[in-house]
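The values are calculated or read from the model by the stated rules, or taken from the named source; none is laboratory data. Values in this document were obtained by computation on a predicted structure and should not be read as measured data. All Cβ positions, even for glycine, are placed from backbone atoms using ideal geometry, and neighbour counts span all protein chains on display.
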Amino acid sequence: MSAADDVIDEIQGSLMGEADDSDTTVSEQVDLPRMERAVREILAAVGEDPDREGLKDTPRRVAKMYAELFSGLHEDPRAHLQRVFTEQYDEVVLVRDISFNSMCEHHLMPFMGKAHIGYMPDGKVLGLSKLARVVEVVAHRPQVQERMTETIADLLESEANAKGVAVVIEATHTCMTVRGVRKPGSLCVTSAMKGLFRSHLSSRSEVMSLIYGSRR
Ligand SMILES: [Zn+2]
């Protein structure tokens, strides 16, 4: 099976809805009634009436939402990096603009943006969709952007046997735009460089120009 077949496989899989997203799995992994009680408590604590009509189903909805947003806690991202293809390709592979949503662990508010992942293969290449899968799993956890960036780079370095890994993440944090300092439009950029991209300035410049090159 070629890398392209693998991508098609993945797309079909996600269109048909893969089994591990089902409600049954979610309720086994997280305590939904406990979350519902907690949300009810928050509503009461801010001075709302949790029993008024509009709020009656809110605890249930919010509990299910958190189960979805934190589903990555119950998934091992390495599972997506097990299948590699032998390919004599020794230039940079880059997937740019992988959009994601995550949750800032300091405020439990969303941050969202784009991840760019580049790696230098060493005789083995990954299915391209797998990089997006890894971002999904890591993003669906309580996060800080810096750790998310490092985690993705470490995973690729250790699992894909790459000669170099570069991860750049650009994100907007709602905890900065709608509360606190309220700076809409601010963008937080983090990067992690491993292997060749760390040790060789020319390799790092190459991957950075592929990420930023033709669009700014
Ligand atoms: Zn925050």
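The residue that is surrounded by the most Cβ atoms within 10 Å (Cβ to Cβ), among those in segment 179-189 that are in contact (Cβ under 8 Å) with a residue 40 or more places away in the chain and either more than 15 Å from the ligand (Cβ to nearest atom) or within 18 Å of SER99 (Cβ to Cβ) (or both), is CYS188.
On the given criteria, is ALA79 among the hydrophobic types (A, V, I, L, M, F, W, C) and either more than 19 Å from ALA166 (Cβ to Cβ) or part of a loop (DSSP other than H, G, I, E, B) (or both)? So ALA79 passes the test.
Just checking, how many residues over segment 140-178 are within 16 Å of the ligand (Cβ to nearest atom), among the hydrophobic types (A, V, I, L, M, F, W, C) and within 20 Å of LYS194 (Cα to Cα)? Going through segment 140-178 one residue at a time, the tally reaches 3. Residues in segment 127-139 that are more than 18 Å from ILE211 (Cβ to Cβ) and away from the ligand (no atom under 16 Å from the Cβ): GLY127, SER129, LYS130, ARG133, GLU136, VAL137, VAL138.
Report, by residue number, each residue of segment 83-119 that is part of a loop (DSSP other than H, G, I, E, B) and within 16 Å of the ligand (Cβ to nearest atom).
Within segment 83-119, the first condition is being part of a loop (DSSP other than H, G, I, E, B), and the residues that meet it are 83, 87-92, 105-108.
Those that are part of a loop (DSSP other than H, G, I, E, B) and within 16 Å of the ligand (Cβ to nearest atom): GLU105, HIS106, HIS107, LEU108.
Scanning segment 26-64 for residues that are surrounded by 14 or more Cβ atoms within 10 Å (Cβ to Cβ), part of a loop (DSSP other than H, G, I, E, B) and at pLDDT 95 or above returns GLU48, PRO50.
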